[in-house]
Each structure stands twice: as C-alpha cells, then as structure tokens.
Amino acid sequence: MINIEKKKWTLMFYFASDNVLSPSALSQVKAMKAAGFQVNTNVIVYFDPNEKGAPTRVFEINQKQKQKNTSSVIGDCSGPLVSVLTGDNLSPAEISNLPGAESKEFGKSLRNIDELDATTALSNFLGFCAETYPADHYMLFMVGHGMVVGRDAFLPDENPESAIGLVQLGETIRRFSDQIKKHAGVLELIGMHSCSMSAIEVAYQLKGTASYMLSSQGISFVPAWPYRQMLIEVFNAVETGSAVSTTDARVNVNLLKRLHTLCIHNSADFMYAGYSADSCLCSLDDRVRNLDKPITNLTNALMEGVLDDHCRKLILLAHWNSQSYWHDTYTDLYDFCVCLRRLCELPKLDQQQQQQAPPFGRRRSDKPLEAIAGACLAVIETLRPSDSGNLNGPIVAVDFIGPDTQYSHGLSIYFPWSEPLEDQNERVLHNYGNYAFTRELFEGSWLDFLRSYFKETRRCDRLTDELMHEDKTLVAYQHDPNFMKALEAARATFSSLIATDGAAIIAATRQQNIIHDVPLQGKISPPDSGGAACACLPNKNYSREFTMSFGTSTIFIEEPKQTAA
C-alpha cells in the first residue's frame, strides 16, 4: 500500500540504464536497500534495464519495513544476508489504481515503456513523484550517460532510441519544480551522476529550478557515488533536524557539502584503475547570473583578440594548455582564463628595455591583450568557490583526484577545436543557439566567439597554404591545366561527402525557413557500426576544402590503363 501522506523529504533516483550501464545501476539500487529507512523520507527509484523481456521497474525502497515501524532504522548491519528488492517493487497496476491523474498516466506508460521517448519517460516519473510522494524538500539524482552540452543526448535510451536535449531537460525539471511549489515543496538538489555535466551551459539552463547541482566535469562512473552512505547521511540529518537550515527553512548546505565529499572520497579508489575524478557543488540561484557580465566581457574581448595575429596565438596556446574533458570537447573555464591571463600579461622589463620599448598602447595587440587579461581576471574571481571566501559566485565546493583532472575548478564550457559537422541528427551549433546561456548573453554570446574562433584559427587547404608561403610542392602544378581540371572535377565529385560544410548547408536552408523540412547532405551520425570512424571532434582545425596531390590527380585525368593478365 502506497502511503501518500506528505513527508519532510522525497529522494528520487532515475536510472536511465537501458544500455550497458544496467548491471552497475542495479548494484546501486541494492546498495540503497542496505541504507535502511527514515520514517519521514521517501526513497523512490526508477530503473530501466537493458535486457529484452525485463520491464522497467519502480521501487519504493524499504516501504514494507517502514510501514511496520514507527521509528527509523538507519543502516542495515543486522546480519550476513543481502537484502532483496522483492518487497519494494511497485507494479503498474498498483500505480494506476492511485487516484491522481499523473499516477494513472505513469502506470499506463510503464506497460508500454519501450514506446516512450527519454524525455517523456523522465517527465512521467517526476509527475508521479510530485503527486504521490508530496514533501517539503526533494532531491533528484539522474544516472546515465551525459555530455549533454553540444551533443543534446542526455540519458539515452535504446528502446526506443532517444535521448534528452539540454533545452528539454530544463523544461522538464522546471515543470516539476513548478508543480511541487504549488504545495510548498522545493527541489533542493539535482544530482547529475553522468559524465561532463558540470558545465556553464547546464547551470544556466537549470538556474531557478533547484537550489543546488552536484555533478562532474570529467568521467563519472555509476559506482563512483556511494548511494548507501549518501542515503545514511541524509537520513541522519533528517532524523536530527539538521537537514534544513534554521535561518531560511531551506536545505542545509553543509549536508550537501558532505554528499559532495562522499562522492569524491569514494572516487579515490578509482585511481587504482588509473581513473581521475572530480566533483563540484554549484548553486542554481541568482549567483549564476553573476557570471553574465564577466562572461560577456570575456567573449567580446576574445572576439576582438582572435582577429589579431598575436592575440590569436595566445588564445590557441591557452586553449591547448588548459584543462579539458572528453577529447577536448569541453574546457574548464576558470583554468582557461588562468592560462590566458598569464600569457597576456606583459613581461617586466628592466630600465634599459623600458627605454627602448614602445609606450604601452603603441602596439596593435596591446589593447586587446589588456582587455582579455582584465576579463579573464573577472571570470576567475567570480568562479572562485565560496569556501575560499567568494560569496558571489555559483560554485560552493570543488575537488579532484588524479592527474587527468588536476586543473578542474568546477564548471566547464563547450570549446572544441574545430567546427562540428552537422547532419539530420546532430546540429550542435544550431542547438547551442537555443540554450539559455546563449539566448540570455546575446550581446556577446559564447557561440559568436566559437564561430569566429573556428574561422580565424582554421588552417587553409594545402594548395592555398603553399601559395601563401611560396612552397614548391603543389604550387608548381597550379598552372598545369590538367591538374587544375582534375582538381575541379574531384571537388565536384566529392562535394557532398567531404568538401561541403555542414554549417553552410544549415545556414542556407535556414535562410529559406525550411531547416526542419529539407534533409541535409551526407551521412547521419553515428558513423557506420562496422567502421573505425570516431565521432569525437579532432583537435585539428583544417579546411574542409577538397585537395589532393599531383600523383592522385591522374585518377581524374584519364582512365587507368589495364594490364594484361
């Protein structure tokens, strides 16, 4: 029997494990079972397995034990037997028989879960929790594949094949947050237990939906967060009354800091397998908006600087040196600003050098360098964590372990080396333009800088490159009519496969207002399953213009002669 009486806390765990994560996710659900229960706290789990014939399950952890006891039983150390989930399962029929419309819809959907896309599945679960498990305070933990920024493929589901985009995620969480506010409930924490979710773009998209966000910039494994210990920590805090601050009746940030600490401490042993880890606790209140001006100023300074030869080299070098994640797709914003500011600061000159040096401002690059250095400093100061004395920035606590994440400072930003190729499924820059981070900082959006950066740092095609630098290799053939004719023929032949710029296609179709109706050229990602292609962006920004050597050009000049057997 489900008890819909309002409690102090409802903790929700959404395991999007209809993929290879399924076994690890189930072990975490069993770990929660071993945490015991607290009489004023609901623990609801959504578990979507991968195997055919295994339906999606919803568990109310230790519900029967809680019904039999009037006092809390925190921890499960009474014997050697491993607790099983049999008594915690909530059947679709049981859920459908509940009086609320959200519950009836959720129960119905569980019977046909493989027909629901990932966004609808999450939305239905949250609606059910809001209606059936009312509480003063909520926490939501989402476990699955991440890297939502740019990819727009959060919590992917293989049945049916679908995923949640960043805009969809924000809308779904905001809808739930508004729903529980009607009954004086507050979403206190969003736990993003996924890879590369601690990002500026995510913070902007989710600001105002919850009090805090717990996430990682780098890799996050399913066993990395110790849910048994985390539940016990929350249970004890609720039991003693310390889970809520006495000053504003909101979650005690010290409780969330302890959860953050548990996650990074538990990740330490992953170093035995060679894995580094990081963790960040970030506020989602108005402190996120304190980044508006610093990031806008930084973006504008970078857009001016990338047009200057000297500044562009420093921006490239800072990008190269700074902490990055997932094949250099994301960059720690704080560390990028640290590296760039150091490069932009003019070296101290001795007295003789000062007399010989031109006055500050005479060199063309001095002004943009000064603007970049100042903008970097403002971003750095805003991103300092609150435990260092900064009470204005959004970052509350940040920790790391291991060499691969040693320059992590809490929030990353989308910063690939080259412009992503786009197709029917992946329109990275088009989607990025719809993010709150882009729309709300339109006067100097990061997307504007990225487009300029991709253009200005791109190395031209080889023929043009050699013409510019008077190289003799291909230049010698630029006046050869056969070679130029063959090059023209080859470019026409491969234009839709190689030379065509995906962004240009999208721009052209957008001008005709038919972007959603006209299929793009080229293949649809992901790449061929039997090939060795990698969907990761390369850390080289080469021209996509087709080119070839003189020897290869003979293919297009004449048919190869057949040799007799």
Pick from segment 120-135, criterion out of contact with any Gly (no Cβ under 8 Å at 6 or more places or on another chain) and among the polar types (S, T, N, Q), ranking: surrounded by the most Cβ atoms within 10 Å (Cβ to Cβ):
S123
Just the residues that are at pLDDT below 95 and either crowded, with 21+ Cβ neighbours inside 10 Å or not in a helix (DSSP H, G or I) (or both), please, taken from segment 439-450.
E440, L441, S445
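Just give me the residues in segment 288-324 being part of a helix (DSSP H, G or I) and among the acidic types (D, E), in sequence order. Give the derivation first.
Residues of segment 288-324 that are part of a helix (DSSP H, G or I), as a first pass: 288-305, 309-321.
D292, E304, D309 - these are the residues of segment 288-324 that are part of a helix (DSSP H, G or I) and among the acidic types (D, E).
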Quickly run through segment 276-309 and pick out the residues that are farther than 18 Å from C337 by Cα and hydroxyl-bearing (S, T, Y).
S276, S279, S283
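Kindly evaluate S17 against the criterion of being part of a helix (DSSP H, G or I) and either of a type in the set (S, T, N, Q) or without any contact (Cβ under 8 Å) to a residue 60 or more places away in the chain (or both). Write out each step before concluding.
Numbers: part of a helix (DSSP H, G or I): no; either of a type in the set (S, T, N, Q) or without any contact (Cβ under 8 Å) to a residue 60 or more places away in the chain (or both): yes.
Criteria not met by S17.
State which residue is nearest to the chain's Cα centre (by Cα) when the search covers only segment 325-336 and only residues that are outside any helix (DSSP H, G or I) and at negative phi.
Here is the first cut: in segment 325-336, the residues outside any helix (DSSP H, G or I) are 325-332.
Then keep just the ones that are at negative phi; that gives 325, 329-332.
Details: Y325: 10, T329: 10, Y330: 8, T331: 11, D332: 12 Å.
Looking at the filtered set, the residue picked out is Y330.
Checking the condition in the same structural domain as N50 (by TED's automatic domain parsing), over 20 Å from V253 (Cβ atoms), at pLDDT 95 or above and crowded, with 23+ Cβ neighbours inside 10 Å, which residue from V202, V143 passes?
Numbers: V202 fails: over 20 Å from V253 (Cβ atoms).
Answer to the check: V143.
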Being buried (at least 18 other Cβ atoms within 10 Å of the Cβ), at pLDDT 85 or above and more than 23 Å from S211 (Cα to Cα) is true for just one of A375, A436, A397. Which residue is that?
A375
Quick one: in segment 232-287, which of the residues that are in a helix (DSSP H, G or I) and among the polar types (S, T, N, Q) is farthest from A199 (Cα to Cα)?
T240
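Could you list all residues from segment 381-417 that are out of contact with any Ser or Thr (no Cβ under 9 Å at 6 or more places or on another chain) and over 21 Å from F449 (Cβ atoms)? Give the derivation first.
Step one: list which residues in segment 381-417 are out of contact with any Ser or Thr (no Cβ under 9 Å at 6 or more places or on another chain), which gives 381-385, 387-389, 391, 409.
Selection gives R384, P385, D387, S388, G389, L391.
Restricting attention to segment 215-260, report how many residues are among the hydroxyl-bearing types (S, T, Y), modelled with pLDDT of 95 or more and over 22 Å from H145 (Cα atoms).
Narrowing segment 215-260 to residues among the hydroxyl-bearing types (S, T, Y): 215-216, 220, 227, 240, 242, 245-247.
Checking the rest, the ones that are also modelled with pLDDT of 95 or more come to 215-216, 227, 240, 242.
In the following step, the residues that additionally are over 22 Å from H145 (Cα atoms) were identified as 240, 242.
Summing the residues that are among the hydroxyl-bearing types (S, T, Y), modelled with pLDDT of 95 or more and over 22 Å from H145 (Cα atoms) in segment 215-260 gives 2.
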Just to be sure, is Y453 modelled with pLDDT of 85 or more and either touching a Ser or Thr at 6+ places or on another chain (Cβ under 7 Å) or closer than 25 Å to C282 by Cβ (or both)?
no
Which number in (1) over 28 Å from L447 (Cα atoms); (2) part of a helix (DSSP H, G or I) marks the one condition that Q168 misses?
(1)
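The values are calculated or read from the model by the stated rules, or taken from the named source; none is laboratory data. Just so it is clear, the structure is predicted and the values come from calculations on it, not from any experiment. Neighbour counts run over all protein chains shown; Cβ positions are idealised from the backbone, glycine included.
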